[in-house]
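See below for the structure under consideration.
The values are calculated or read from the model by the stated rules, or taken from the named source; none is laboratory data. None of these values were measured; they are calculated from a predicted model. All Cβ positions, glycine included, derive from the backbone under ideal geometry; neighbour counts span all protein chains shown. Surface accessibility is based on the protein's heavy atoms, side chains included, excluding ligands, DNA and RNA. Shrake-Rupley method; radii C 1.70, N 1.55, O 1.52, S 1.80 Å.
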Amino acid sequence: MEEYNDILYETDGRLAFITLNRPEKLNALSNNLRAEVMDAMREAEHDKEVGVIILRANGRSFSAGYDLSPARSADDDKFVSSRSRLPDTGSMHPGVNQWARHVVMTNWIIWELAKPVVAQIQGHCLAGGTELATSCDFRIVAEDAQIGYPPVRAMTTMDMIWTPWHLSPAKAREFAYVGDSFSGTNMVDLGWANYAVPKEELGDFTEKFARRMAHIDNEMLMYSKRSVNRQYETMGIRQGLHSGTEIQALSTARPAAAEWGRRMRDEGLKAALEWRDGPFRDFRGAYDSAPRERAVAGMDKKDKGGSSGY
């Protein structure tokens, strides 16, 4: 098996452990990290001894979301496509504003995987981190974890609009419109997570949960997963998530999107995040340097037209 740079992979009996390993970056999802995760998922699927996969993370957070810095790009890593420099999903995703489509197609790899995947979540699980975790079959969270999607405050709509499939209509809208975080305990009550436990018990609880399920033979687990997935597909989850990527692409082209892009270029990522979250007083907005008040994006006349990426 190949050696990885941004994740760790190990097996223990019937379990495979895939560990996000960029703790100094709060496990921000670079293209290479995401590609390595999907390669490790396939490795675990190939291993006949493995029955259940645990996706977890080193450090204080599961994932702060997609890497918004230039480090997100993969220049020559062997786990990304040699053509697109993205995790390989079978398409090169040509053209502008195709990021969300690529995200959803990448996450379908976990959806179609033959073996169940349990996400073990502590600390921040934000934006793309929620999309990765939602693609797993089960989610076990620390009680004080923070799950949210702050990019909807100024950047774009959700890349993978999972909320209507996992939350009540009212909470699905709140999550997708405002970007506030909910605790791990809240997310169990809302139906997204299976269990919330004290963070010091998270690893042991998740492993016991996975080992209990691993008493079932691999083919039975595969068919059980497939039977549930196909019901959601009959209800339209594939079409729904893919249609959401078209809306995300449109949201990147709105005039106000230029303001986020300009702040990123001129002031840097941290300053842009403080501007985005400042009035909400959370995430980077909790810093004293963040603005407590700011004009609504796009209402400043010097910021006109254009599109920022994501």
For this session: Within region 183-227, track down each residue that is among the aromatic types (F, W, Y), in contact (Cβ under 8 Å) with a residue 12 or more places away in the chain and open to solvent by 60 Å² or more (accessible area, probe 1.4 Å).
Result: Y195, F205
Seminar exercise, completed: Here, helices (runs of 4 or more DSSP H) confined to region 189-303 with at least 2 residues that are touching a helix residue (DSSP H, G or I) at 6+ places or on another chain (Cβ under 6 Å) are 237-252, 257-267, 269-277
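Which residue, of R34, R42, is modelled with pLDDT of 95 or more, of a type in the set (K, R), under 19 Å from W99 (Cβ atoms) and not in a loop (DSSP other than H, G, I, E, B)? Quick ask: steps written out before the conclusion?
Working: R42 fails: under 19 Å from W99 (Cβ atoms).
Matching residue, one of R34, R42: R34.
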Exercise. Is it true that some residue in region 104-117 is among the polar types (S, T, N, Q), in contact (Cβ under 8 Å) with a residue 24 or more places away in the chain and open to solvent by 40 Å² or more (accessible area, probe 1.4 Å)?
Worked result: no
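Results for (1) closer than 30 Å to M222 by Cβ; (2) part of a loop (DSSP other than H, G, I, E, B), shown as yes or no for each residue.
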position	(1), (2)
V80	yes, yes
L86	yes, yes
S91	yes, yes
N97	no, yes
A100	yes, no
V104	yes, no
I109	yes, no
A119	yes, no
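Got a sec? Which of Q239, Q248 is open to solvent by less than 20 Å² (accessible area, probe 1.4 Å), farther than 26 Å from I53 by Cα, modelled with pLDDT of 95 or more and not charged (D, E, K, R)?
Selected residue: Q248, the only one of Q239, Q248 that is open to solvent by less than 20 Å² (accessible area, probe 1.4 Å), farther than 26 Å from I53 by Cα, modelled with pLDDT of 95 or more and not charged (D, E, K, R).
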Problem set entry | Checklist (1) exposed (fewer than 15 other Cβ atoms within 10 Å of the Cβ); (2) out of contact with any Lys or Arg (no Cβ under 8 Å at 6 or more places or on another chain) applied to P255, failing item | (2)
Exercise. Which residues, taken from region 102-132, are among the hydrophobic types (A, V, I, L, M, F, W, C) and in contact with a strand residue (DSSP E or B) (Cβ under 7 Å, 6 or more places away or on another chain)?
Worked result: I110, V117, V118, A119, I121, C125, L126, A127, L132
Exercise. Out of D77, D67, which single residue is among the charged types (D, E, K, R), out of contact with any Pro (no Cβ under 7 Å at 6 or more places or on another chain) and over 29 Å from R294 (Cα atoms)?
Worked result: D77
For this session: Scan region 133-168 residue by residue and report those that are open to solvent by 10 Å² or more (accessible area, probe 1.4 Å), more than 25 Å from K225 (Cα to Cα), assigned to a loop (DSSP other than H, G, I, E, B) and without any contact (Cβ under 8 Å) to a residue 60 or more places away in the chain.
Result: E143, D144
Exercise. Which residue pairs have Cβ atoms closer than 9 Å, lie 6 or more positions apart in sequence or on different chains, and pair a first residue in region 281-294 that is at positive phi with a second residue that is open to solvent by less than 80 Å² (accessible area, probe 1.4 Å) and in a loop (DSSP other than H, G, I, E, B)?
Worked result: R281/A290; F283/A64; F283/G179; F283/S181
Exercise. Can T130 be described as part of a helix (DSSP H, G or I) and either without any contact (Cβ under 8 Å) to a residue 40 or more places away in the chain or on the phi < 0 side of the Ramachandran plot (or both)?
Worked result: yes
